[in-house]
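The values are calculated or read from the model by the stated rules, or taken from the named source; none is laboratory data. The structure displayed is predicted, hence computed values, not measured ones. Neighbour counts are summed over all protein chains in view; Cβ atoms, including those assigned to glycine, are modelled from backbone coordinates with ideal geometry. Accessible surface areas use protein heavy atoms only, side chains included; no ligands, DNA or RNA. Shrake-Rupley method; radii C 1.70, N 1.55, O 1.52, S 1.80 Å.
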Amino acid sequence: MAVPTQALAPLLEPIVACPRCGGGLGPDGGALACEGCDERYPAGERQLDLRLRREKAVSLPFRVRPLDAVASRRRRPRPLPLNPSGLQVDPTAYAGRLTSGNGLTRELVSWFPRDPSGERVLLDMGCGDRRVEPVLRQTGMRYVGMDIDGSEPDVLGIGEALPFRDGSFDFAFTLSVVPHTTEPAVVMRELFRVLKPGGRFIGTMEFLEPCHMQSRHHVTALGVQDWLDTAGFELLHLEANRRWLGLDALLQMGFFPRLSWETNGRIARALDPLHRLQARRSYADPAANERYPVGEGFPERITGGFRFVADRPA
Ligand SMILES: C[S@@+](CC[C@H](N)C(=O)[O-])C[C@H]1O[C@@H](n2cnc3c(N)ncnc32)[C@H](O)[C@@H]1O
Ligand SMILES: [Zn+2]
């Protein structure tokens, strides 16, 4: 099979699949045709369009657990530690925008897996304009950017029906994407499927941000855990963003729409010390947070979003 999109062919050929039936794809004129269900997909010079074209039914192995089993699986978010043996990259060296809002930190990047061989492949699911690509490439892995829309992604596809074979990737990354999707549980399961056993899944999810770009399912600390858990992932780290509280998000994302992002930011920063004064004990002494129910301490009850590091068990 030869992917018509020449530049991408060596990278994508072994991993793309029909999003409808999972069948292999073969060239058919300027398009790709599914060997399993006869669906055809457009293939341009720089981009494959592997978005689902007809409805498909999906069933998921949801696990409904007794209450005590649910409670015992709950985890308190903690500040993400720096992984000293991991990738040491300061995202501010790339572009300030990468670290604003619910973005990257040095700590989060230090959990990215590395590949000196350059053989492994990573998926940036919901890559948008690929702003994280330069940092993701520091892993040494080959980069595949996929999004539901836009001219920048290598592949157009939907998270609910990923157009890749099982176990295609060593690393899956999503920066504030899953709450935008229509069926987050299906998306999480798809990410699990396309990751190799032992592969890593890192990302962020929005909580107290105003809705934006058709976001739907903003999620709490427990919700992030449940989504990961239901899909089969093992959670390594969960962190509430401490620099991007709901207050910052609300103001900067348009509370006073006639004021600039910067002015809204200044108002947020003026109120921030008041909040930190109130929540001081909880910030300074994690044990003080233990008096709150799991997932409802500071700052997880008032954060703009969460960061997580998870693995698909080997
Ligand atoms: C908040 S933007 C984040 C973009 C990018 N990750 C970044 O940080 O710059 C959310 C992205 O999710 C994409 N998206 C929304 N629903 C999707 C779906 N069902 N499957 C794949 N991508 C989706 C949007 O097109 C958009 O690019
Ligand atoms: Zn098919």
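Some observations on this one:
- Test: residue in segment 166-182 that is assigned to a helix (DSSP H, G or I) and open to solvent by less than 30 Å² (accessible area, probe 1.4 Å): yes
- Listed by first and then second residue, the pairs linking a residue in segment 132-149 that is touching a residue at least 40 places away in the same chain (Cβ under 8 Å) and within 14 Å of Leu175 (Cβ to Cβ) to a residue that is open to solvent by 60 Å² or more (accessible area, probe 1.4 Å) and assigned to a loop (DSSP other than H, G, I, E, B), with Cβ atoms under 7 Å apart and 6 or more places separating them unless they lie on different chains, are Pro134/Tyr94; Val135/Tyr94.
- Members of segment 16-40 that are closer than 16 Å to Glu160 by Cα and not in a loop (DSSP other than H, G, I, E, B): Val16
- Subset of segment 112-141 [in a loop (DSSP other than H, G, I, E, B) and open to solvent by less than 40 Å² (accessible area, probe 1.4 Å)]: Phe112, Pro113, Asp115, Gly118, Gly126, Cys127, Gly128, Arg130, Val132, Thr139, Gly140, Met141
- Flag if Val64 is free of Cβ contacts under 8 Å to residues at least 12 places away in the same chain, under 28 Å from Ala185 (Cα atoms) and either within 24 Å of the chain's Cα centre (by Cα) or part of a loop (DSSP other than H, G, I, E, B) (or both): yes
- Filter pass, Val135 being over 24 Å from Leu60 (Cα atoms) and of a type in the set (Val, Ile, Thr): yes
- Listing of helices (runs of 4 or more DSSP H) fully contained in segment 183-294 that carry 2 or more residues being open to solvent by less than 30 Å² (accessible area, probe 1.4 Å) and out of contact with any Lys or Arg (no Cβ under 6 Å at 6 or more places or on another chain): 184-194, 221-231, 246-250, 261-278
- Restricting segment 20-40 to residues that are more than 9 Å from ligand 2 (Cβ to nearest atom) and in contact (Cβ under 8 Å) with a residue 24 or more places away in the chain, the residue that is surrounded by the most Cβ atoms within 10 Å (Cβ to Cβ): Leu32
- Residue selected from segment 41-50 under the condition part of a loop (DSSP other than H, G, I, E, B) and of a type outside the set (S, T, N, Q), by the criterion surrounded by the most Cβ atoms within 10 Å (Cβ to Cβ): Leu50
- Selection of segment 72-89 for residues being among the aliphatic types (A, V, I, L, M) and open to solvent by 50 Å² or more (accessible area, probe 1.4 Å) yields only Leu82.
- Out of Arg307, Arg291, sole residue that is in contact with a strand residue (DSSP E or B) (Cβ under 9 Å, 6 or more places away or on another chain) and of a type in the set (D, E, K, R): Arg307
- Residues of segment 41-61 satisfying the condition of being free of Cβ contacts under 8 Å to residues at least 12 places away in the same chain and among the hydrophobic types (A, V, I, L, M, F, W, C): Ala57
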